[in-house]
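Colleague: Got a structure for you, questions after.
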Amino acid sequence: QVQLVESGGGLVQPGGSLRLSCVASGNISIIYAMTWYRQAPGKQRELITSTTSGGGTYYCDSVKGRFTISRDNAKNAVYLQMNSLKPEDTAVYYCNAQIGPADYWGKGTLVTVSS
């Protein structure tokens, strides 16, 4: 059994920063890609950034230059540093990990950007 737990969400003013964390626990073999998604109210879930086991990264255009993904393989963790936050970044942020042959999701953490 594998669990992903996100943390670090909250309320922040426009222009502010937050750091999200996601830690995997349980019967973990090899973690391949680790990915952050988000789902804004009334919208579909979207992939915003991902990192491979080899260190490659991908960012969608809307967060490029503002968000940074990193991972700590020793801790089975992935992080999302979010800077220059905008109201349109308001969403539930989900962590996804490819562990062995399977895909796992966390339950999400809410980020609200508002003054």
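Colleague: Which lysines, if any, have their Cα less than 20 Å from the Cα of residue 86, not counting same-chain residues under 8 positions apart?
Modeller: 43, 64
Colleague: How would you order 49-56, 93-100, 18-25 from highest to lowest mean count of nearby Cβ atoms within 10 Å?
Modeller: On the way: 49-56: 13.9, 93-100: 20.4, 18-25: 18.4.
Highest mean packing first, the order is 93-100, 18-25, 49-56.
Colleague: Residue 37: accessible area at probe 1.4 Å, nearest 10 Å²?
Modeller: Estimated to the nearest 10 Å², residue 37 gives 50 Å².
Colleague: What's the magnitude of the charge dipole for the chain around its Cα centre, counting Lys and Arg as +1 and Asp and Glu as -1 at the beta-carbon? Answer in Debye, nearest 20.
Modeller: On the way: 10 positive and 7 negative charges, 21 e Å.
It comes to approximately 100 debye.
Colleague: Can I ask one more? Find the eigenvalues of the gyration tensor of the Cα atoms of the chain, then list the square roots of 5 times those eigenvalues as equivalent ellipsoid semi-axes, largest first, in whole angstrom. Kindly include the intermediate steps, with their values, before the conclusion.
Modeller: Values: eigenvalues 113, 39, 30 Å².
Over the Cα atoms of the chain, the semi-axes work out to 24, 14, 12 Å.
Colleague: Where the centre of each part is set by its Cα atoms, how far does the stretch 97-115 sit from the stretch 52-84, in angstrom?
Modeller: Answer, in whole Å: 13.
Colleague: Ratio of alpha-carbon Rg to the 2.2 N^0.38 Å globular estimate for the stretch 56-115, to two decimals, please. It would help to have the intermediate numbers written out before the result.
Modeller: Values: Rg = 13.0 Å, N = 60, 2.2 N^0.38 = 10.4 Å.
The value comes to 1.25.
Colleague: For a quick check, take a GNM of the chain with Cα springs below 10 Å and name the residue from 11, 47, 85 with the largest mean-square fluctuation.
Modeller: Result for the chain, Cα springs under 10 Å: 11 fluctuates most.
Colleague: For residue 75, list the lysines whose Cα falls under 21 Å from its own Cα; do not include residues on the same chain fewer than 8 positions away.
Modeller: Of all the lysines, those that pass the test against residue 75 - Cα under 21 Å, at least 8 places apart if same chain - are 107.
Colleague: Oh, and also: Counting alpha carbon pairs within less than 8 Å and at least 6 residues apart, what relative contact order, in whole percent, applies to the chain?
Modeller: On the way: 281 pairs, mean separation 43.4, N = 115.
For the chain, the relative contact order is 38 percent.
The values are calculated or read from the model by the stated rules, or taken from the named source; none is laboratory data. Computed from a predicted model, the values in this text were never measured in an experiment. Cβ: placed from backbone, ideal geometry, glycine included. Neighbour counts: every protein chain shown. What goes into the accessible areas is simple: the full protein's heavy atoms, side chains included, and nothing from ligands, DNA or RNA. Shrake-Rupley method; radii C 1.70, N 1.55, O 1.52, S 1.80 Å.
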